[in-house]
Each structure stands twice: as C-alpha cells, then as structure tokens.
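Asks: Mind looking over this structure? Questions follow.
The values are calculated or read from the model by the stated rules, or taken from the named source; none is laboratory data. These numbers come from a predicted model, not from an experiment. For neighbour counting, all protein chains shown are included, and Cβ atoms are generated from backbone atoms with ideal geometry for every residue, glycine included. When the accessible area is computed, the model is the full protein with side chains, heavy atoms only, and any ligands, DNA or RNA have been set aside. Shrake-Rupley method; radii C 1.70, N 1.55, O 1.52, S 1.80 Å.
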Amino acid sequence: MNVHDSERMHGLLLAAGLQPVGSAREADVVVVNTCSVREKAEQKLDSELGKLRRLKKQRAGRPVLVLAGCVAQQRGAAALRRMPFIDVVLGPDHLGELPALALAADGGAPAEVRTTFDLDRPAFLALTSEQAAPSAFVSISKGCDERCSFCIVPSTRGPERHRPSAEIIAEVRALVQLGAFEVVLLGQTVNGYRDPSGVLPSEPNDGTGFAMLLRGIAEQVPELRRLRYTSPHPRWYGPAVADAHRDLEVLCHHVHMPVQSGSDRVLKRMIRRYDSAEFLEIARGLRSARSDLTISTDIIVGFPGETDEDFEQTLSIMREARFFGVYAFKYSPRPGTPALRFGDDVPEEVKSERLARVFELSEALQAEHLTSLVGTNQLVLVQEQGPRGDGRLCGHTIRNEIVHLEDSKELGLRAGIVPVRITRAWKHSLEAALLGAPAATRAGGGPVRLPVVTGSDG
Ligand code: 5AD
C-alpha cells in the first residue's frame with residue numbers, strides 16, 4: 001500500500017514538472033512517506049527526520065520537507081509543533097494535493113496540515129505515469145472497517161471506502177496499455193470489496209463483490225497476463241472467491257492471507273473473527289480450486305497473553321496450512337488500539353525466541369517447496385535486476401516464487417514473461433535457465449524503468 005502511494009506521489013511530482021535527483025542534499029522537495037503499523041518503523045522515521053533537520057539547517061531551510069502517510073495522519077498538527085522544520089503534513093487521503101502544497105511551500109507559504117478523511121467523495125490517486133512497471137498496483141478500496149485489536153490502520157487510514165468498478169477496470173486497462181503484464185489489486189481488506197456504483201453485484205456479502213470484480217477485469221481486459229491481490233481478510237473468503245480462482249486463468253496461483261496466530265484464544269483477543277479451523281477450511285477450498293496455489297501469511301508473535309501453548313498452535317497451523325512465505329512480527333503496542341488494555345506482557349526475549357522459531361520453520365517449509373520445483377519448467381514475469389548487480393534479472397512465477405535468471409543478459413534488460421527451467425533452489429528463491437524466446441515482452445521492447453520509491457514498509 002505504501003509502495004503504491006510512493007509511486008503515485010512520484011508520478012504526481014513528475015507530472016508537475018519536478019525531476020528526481022540522487023539525494024536529499026540536491027533536492028528542492030523531499031517527501032517522507034511513512035508507516036505506523038509497528039513502532040520500529042516510527043523509530044526509523046524519527047532518525048531520518050533528525051538527519052533532514054540538520055540538512056535544512058545547513059542549506060538555509062531547503063529542501064521543502066513533506067511528511068506523508070500514516071504517521072502524518074496520526075501526529076497531525078502535533079508533528080509541526082514537535083518538528084517545526086516540517087513544511088507539509090499530508091495524511092493518506094490528501095496525497096493528490098502534494099504538488100500544489102510542495103510548490104507553495106517552496107514559494108514561502110506557511111506550513112500546512114491536511115489530515116481529514118474524504119468520506120463523502122473518496123478520491124483515488126489518478127494514474128499519471130507514461131510507462132507502467134511490469135507489475136503495477138491498482139487501489140480498489142481504502143481504509144478499514146475491521147477492528148483487529150492490535151492494529152492502528154483504522155485510525156490512520158479511516159473507514160473503508162470502495163472505488164467504482166468502472167474506474168478500477170479503466171485503470172487496469174490503462175496500465176496494460178502502458179506496459180504492465182501484471183496488476184496487483186490493493187485494499188486493506190481487499191476481498192471485502194463492494195462496488196459502490198452497483199454495476200457489479202455484491203450479494204451475498206461474503207467476497208462475492210470482490211469475485212465479481214475479478215471476473216469483470218478478466219473479461220474486460222483480456223490482454224492482462226496476471227492478476228493478483230493483497231491483502232485479503234479470511235472473513236471475506238466466501239465460495240465465490242475460490243470459484244474465481246478455479247475459473248480465471250489470469251488469476252495468480254498465490255494468495256497472501258494473514259493468519260496472525262494459530263491459537264483460537266489469541267485470535268479471539270485479536271478480534272480476527274475466524275478460528276483456526278475456519279482458516280484451514282478456506283486454505284483447503286482455495287487449494288481445491290487451484291491445486292498448486294501457494295499461501296503466504298503474516299504472523300504476530302508475543303501478542304498479550306500468548307502462552308507457550310498458544311505459540312505451539314501457531315507453529316502447527318504453519319505446518320498444516322503449508323505456508324510458503326511468512327512475514328512475522330513481534331507484537332508492538334500501538335497508540336489508540338484496543339489491545340493496549342491487555343498490557344504487553346510477553347517478555348522481549350520470549351518474543352525474540354518465538355520469532356526465530358517462526359522463521360526457522362518458515363525456512364524449512366520454503367526449502368521443501370522450492371526444492372520440489374527443481375527440474376520443472378515455469379513462466380517467469382521478469383521485472384527487475386537481481387540483487388547481485390551483475391546484470392542478471394529476477395522475476396516471479398505465477399505462484400510468487402522468486403526466480404533469478406542465469407543467462408539474463410541475453411534479454412537486454414527487458415521486462416517480459418519468459419519460459420525457464422528451474423536449475424537450483426536457494427534458501428528463499430530459485431535459479432533458472434532461459435528456455436527459448438520470451439513468451440511475451442513489453443510492447444516496443446523498451447528497457448525496464450523502475451519507479452523511484454521512498455519510504456518504509458506497510
Ligand atoms: N504489532 C505487530 N505486528 C503488527 N501488524 C499490524 N499491527 C501490528 C502490531 N501492533 C502486522 C500484522 C499485519 C501486518 C501488516 O503487520 O501481521 O498483517
């Protein structure tokens with residue numbers, strides 16, 4: 001979500017005539033996009049802001065500094081009182097005003113704070129780029145009506161609002177025309193989507209509206225090669241969503257479905273509104289629709305009151321659901337959340353030990369899965385240079401396994417969907433050799449231009 005917001009802000013600033021530069025030292029405007037889901041991200045932010053304060057002192061007030069996103073929303077005007085060197089505080093619903101406010105601040109206008117929610121006429125950031133990333137994001141809803149007791153998002157992103165289906169489909173089509181092979185639909189509880197324009201049916205209220213949107217995109221944008229979504233809530237996985245996975249070729253064989261805990265007692269205190277049996281039933285339903293579907297997840301360890309036995313149940317649901325990819329976090333108390341009343345009673349060493357055990361098991365499950373793919377042929381959506389900086393490319397399969405390409409220099413750094421043979425399994429990724437010619441490459445064959453992204457996770 002934050003990566004998408006950063007990309008769109010980048011596009012807005014380009015459209016307003018600004019050019020990217022290499023560092024804050026050369027910049028006229030710096031936008032710090034922020035995440036407040038866990039305390040660590042906020043601590044990192046404060047140290048970044050400290051650096052920018054020193055820079056502004058050296059450069060006689062430059063660059064203009066915009067604090068954007070969830071921390072901006074959460075701190076509001078207090079951010080300016082505490083950090084008067086900030087020029088603009090921009091909550092998530094005001095990102096579209098970025099160019100005007102940044103340019104006004106550059107011209108000497110006083111500091112501005114924008115943190116109301118656009119409840120009556122929700123706006124979604126318009127597409128401004130001239131070229132889409134090979135895998136591009138599209139927001140279908142914003143805000144969140146769930147009340148998970150650990151989560152700060154409902155207060156930083158406001159109540160849930162959905163985007164009209166025609167607007168979503170038009171944006172998917174535009175992105176494909178601009179070179180996207182894959183589109184990732186975004187929402188805090190993405191599968192709770194209901195079309196506010198009523199064009200697509202949303203009844204019964206169990207993921208049917210979302211499934212209709214998936215079908216609408218598949219039918220109306222047949223050139224789209226891959227469709228993904230994140231993050232769903234298990235609560236909105238009615239049979240219509242599994243049916244869409246069975247029927248739609250374009251829909252990726254992967255879901256990221258946060259379980260948070262394997263203990264029913266903890267799930268109840270987290271106000272997740274499902275139990276472990278229901279979660280496993282959804283996983284079974286999805287896998288009976290697509291037998292090779294992979295499921296990744298989010299897990300919180302050390303939630304208040306989590307006992308050794310509760311934690312063992314988390315490890316056991318990891319094995320039973322055969323998660324491929326686990327994002328695990330230590331519980332972090334967040335301001336204004338209902339879980340604060342439980343205290344934070346799991347000692348830090350216990351949280352660390354539990355986190356290490358989750359990672360250990362997750363690596364073992366991942367290794368087993370990746371090894372089983374060695375020797376198979378796969379189609380890989382190539383989209384970026386690999387981490388080694390040797391010109392080799394990297395991409396992902398329809399199940400979201402990461403694949404590094406052995407002979408990728410031959411591709412001339414182009415994005416595309418290419419057939420490969422998996423030659424080796426690493427700890428978290430695969431190695432593969434190209435098989436023949438690319439199955440599809442970007443129209444015009446231009447080089448991959450990756451958007452510049454600032455900010456933290458979330
Ligand atoms: N502490 C730790 N992890 C959290 N998450 C959300 N809130 C907290 C918190 N207070 C995690 C959840 C969520 C992911 C985006 O961040 O696992 O799915």
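Asks: When the residues of region 313-369 are filtered to those that are touching a Pro at 6+ places or on another chain (Cβ under 9 Å), among the aliphatic types (A, V, I, L, M) and assigned to a helix (DSSP H, G or I), which remaining residue is farthest from the ligand (Cβ to nearest atom)?
Replies: Restricting to residues being touching a Pro at 6+ places or on another chain (Cβ under 9 Å), among the aliphatic types (A, V, I, L, M) and assigned to a helix (DSSP H, G or I), the top hit is 340.
Asks: Let me ask something else. Anything in region 139-148 that is crowded, with 19+ Cβ neighbours inside 10 Å and either over 16 Å from the mean Cα position of the chain (by Cα) or assigned by TED's automatic domain parsing to the domain that holds residue 381 (or both)? List them, or say none.
Replies: The answer is 148, and nothing else.
Asks: Which of the following residues is of a type in the set (Val, Ile, Thr), surrounded by fewer than 16 Cβ atoms within 10 Å (Cβ to Cβ) and at pLDDT below 95: 453, 418?
Replies: It is 453.
Asks: If you check 391, 325, 395, 375, which single one turns out to be within 23 Å of the chain's Cα centre (by Cα), at positive phi and touching a residue at least 12 places away in the same chain (Cβ under 8 Å)?
Replies: Sole residue among the options that is within 23 Å of the chain's Cα centre (by Cα), at positive phi and touching a residue at least 12 places away in the same chain (Cβ under 8 Å): 325.
Asks: Can you tell which of 174, 170, 166, 123 is in contact with a Gly (Cβ under 7 Å, 6 or more places away or on another chain) and outside the structural domain of residue 60 (by TED's automatic domain parsing)?
Replies: That would be 123, the only listed residue that is in contact with a Gly (Cβ under 7 Å, 6 or more places away or on another chain) and outside the structural domain of residue 60 (by TED's automatic domain parsing).
Asks: While we're looking at this one, here's another question. Say whether the condition of being outside any helix (DSSP H, G or I) and in contact with a Leu (Cβ under 7 Å, 6 or more places away or on another chain) is met by at least one residue in region 204-225.
Replies: Going residue by residue through region 204-225, those that are outside any helix (DSSP H, G or I) are 204-207, 221-225.
Filter once more, so that each one left must be in contact with a Leu (Cβ under 7 Å, 6 or more places away or on another chain): none.
Checked region 204-225: no residue is outside any helix (DSSP H, G or I) and in contact with a Leu (Cβ under 7 Å, 6 or more places away or on another chain).
Asks: So which residues in region 351-372 are among the hydroxyl-bearing types (Ser, Thr, Tyr) and without any contact (Cβ under 8 Å) to a residue 24 or more places away in the chain?
Replies: Hits for region 351-372 are 352, 372.
Quick grid of which residues meet (1) open to solvent by less than 10 Å² (accessible area, probe 1.4 Å); (2) of a type outside the set (Val, Ile, Thr); (3) out of contact with any Gly (no Cβ under 6 Å at 6 or more places or on another chain):
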| position | (1), (2), (3) |
| --- | --- |
| 51 | no, yes, yes |
| 56 | no, yes, yes |
| 68 | yes, yes, yes |
| 85 | no, yes, yes |
| 89 | yes, no, yes |
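Asks: Then there's this: Kindly indicate which of 261, 276, 352 is crowded, with 19+ Cβ neighbours inside 10 Å, polar (S, T, N, Q) and within 29 Å of residue 43 (Cα to Cα).
Replies: Within the list 261, 276, 352, the selection yields 261.
Asks: I'm told residue 372 meets every condition in (1) touching a helix residue (DSSP H, G or I) at 6+ places or on another chain (Cβ under 8 Å); (2) open to solvent by 50 Å² or more (accessible area, probe 1.4 Å); (3) closer than 27 Å to residue 428 by Cβ except one. Can you identify the failing condition by its number?
Replies: Going through the list (1) touching a helix residue (DSSP H, G or I) at 6+ places or on another chain (Cβ under 8 Å); (2) open to solvent by 50 Å² or more (accessible area, probe 1.4 Å); (3) closer than 27 Å to residue 428 by Cβ, residue 372 breaks only (1).
Asks: Does residue 285 meet the test of being open to solvent by less than 20 Å² (accessible area, probe 1.4 Å) and either within 16 Å of the ligand (Cβ to nearest atom) or assigned by TED's automatic domain parsing to the domain that holds residue 364 (or both)?
Replies: no
Asks: Which residues, counting only those in region 128-140, are assigned to a loop (DSSP other than H, G, I, E, B) and aliphatic (A, V, I, L, M)?
Replies: 132, 133, 140
Quick grid of which residues meet (1) within 16 Å of the ligand (Cβ to nearest atom); (2) at pLDDT 95 or above; (3) surrounded by 24 or more Cβ atoms within 10 Å (Cβ to Cβ):
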position: 168; (1), (2), (3): no, yes, yes
position: 181; (1), (2), (3): no, yes, yes
position: 199; (1), (2), (3): no, yes, no
position: 212; (1), (2), (3): no, yes, no
position: 223; (1), (2), (3): no, yes, no
position: 240; (1), (2), (3): no, yes, no
position: 266; (1), (2), (3): yes, yes, no
